[in-house]
Amino acid sequence: MRIVIAEDTALLREGLAGLLEDAGHEVVARVGDAEALLAVVAEHEPELAVVDVRMPPDYQHEGMLAAATIRGRYPQTAVLVLSQHIETRHALGLVGQGSFGYLLKDRVLDVDEFLDAATRVARGGSALDTEVVASLLAASSAASTPLARLSERELQVLGLMAEGRTNAGIAGRLWLTEKTVQTHVRSILSKLDLPANSDDHRRVLAVLTYLRGGT
């Protein structure tokens with residue numbers, strides 16, 4: 001897989017490149033700001049761009065805005081965004097397109113988890129950090145919403161669904177059988193009035209559509 005990395009902190013940038021190269025991927029460019037990121041994506045048209053949310057010059061949302069530009073101009077390039085803090089305002093629209101992931105930077109410490117997320121996103125899927133998902137759920141879980149119908153276990157399963165995980169992946173994380181997870185998923189989709197579908201990416205879109213308020 002051909003990858004570009006945009007991260008203004010040189011140490012983290014080189015560390016990410018090392019992890020990806022050790023896993024057999026080709027890092028074709030490493031840059032420190034959003035403008036340079038757009039230039040190298042145009043030049044190399046990589047399968048994946050790993051992007052920091054906050055970069056020069058203003059350290060606001062340059063990376064997320066660049067991610068939106070990349071997904072619009074270069075649909076063959078997936079984007080995995082990394083951030084120190086949760087910022088969901090610009091992320092929801094990108095997740096709805098697929099080929100997008102959003103992880104908090106400390107997730108990189110779990111190398112296998114990070115590499116799995118990068119591969120999943122590059123293949124057209126989604127990867128949302130559990131804390132990002134939790135913030136969305138918390139914002140939507142007022143007693144008057146259907147999320148209040150879900151059990152604690154179902155909320156855990158829903159969070160992992162929104163990360164883009166398969167039933168088998170959820171079973172592994174929660175130490176459940178895959179059949180039990182299938183039962184939970186059917187229950188969740190029923191309680192949220194969402195159509196059952198075996199395609200994992202469509203399940204993510206369904207969850208995010210619901211969290212937006214059904215729009």
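The values are calculated or read from the model by the stated rules, or taken from the named source; none is laboratory data. Bear in mind the structure is a predicted one, so any value in this text is a computation, not a measurement. When we count neighbours, we look across all protein chains shown, and the Cβ atoms used for this are built from the backbone with ideal geometry, even at glycine.
For the subset of segment 178-215 comprising residues that are surrounded by fewer than 18 Cβ atoms within 10 Å (Cβ to Cβ), in a helix (DSSP H, G or I) and of a type in the set (Val, Ile, Thr), which member is modelled with the lowest pLDDT?
Filtering segment 178-215 for residues that are surrounded by fewer than 18 Cβ atoms within 10 Å (Cβ to Cβ), in a helix (DSSP H, G or I) and of a type in the set (Val, Ile, Thr), the one modelled with the lowest pLDDT comes out as THR209.
Filter segment 66-107 down to the residues that are surrounded by fewer than 19 Cβ atoms within 10 Å (Cβ to Cβ) and among the aliphatic types (A, V, I, L, M), then identify the one that is modelled with the lowest pLDDT.
Looking at residues that are surrounded by fewer than 19 Cβ atoms within 10 Å (Cβ to Cβ) and among the aliphatic types (A, V, I, L, M), I get LEU92.
When segment 1-26 is examined, which residues are found to be touching a residue at least 60 places away in the same chain (Cβ under 8 Å) and under 21 Å from ASP58 (Cβ atoms)?
Hits for segment 1-26 are ALA6, GLU7, LEU12.
Scan segment 125-177 for residues that are among the hydroxyl-bearing types (Ser, Thr, Tyr) and at pLDDT below 75 and jot them down. Write out each step before concluding.
The first filter runs over segment 125-177 and keeps only residues among the hydroxyl-bearing types (Ser, Thr, Tyr), leaving 126, 130, 135, 140-141, 144-145, 151, 166, 177.
Within segment 125-177, THR130, SER135, SER140, SER141, SER144, THR145 meet the criteria.
For ASP112, state whether it is acidic (Asp, Glu) and farther than 27 Å from GLY159 by Cβ.
Details: acidic (Asp, Glu): yes; farther than 27 Å from GLY159 by Cβ: no.
When the stated conditions are applied, ASP112 does not pass them.
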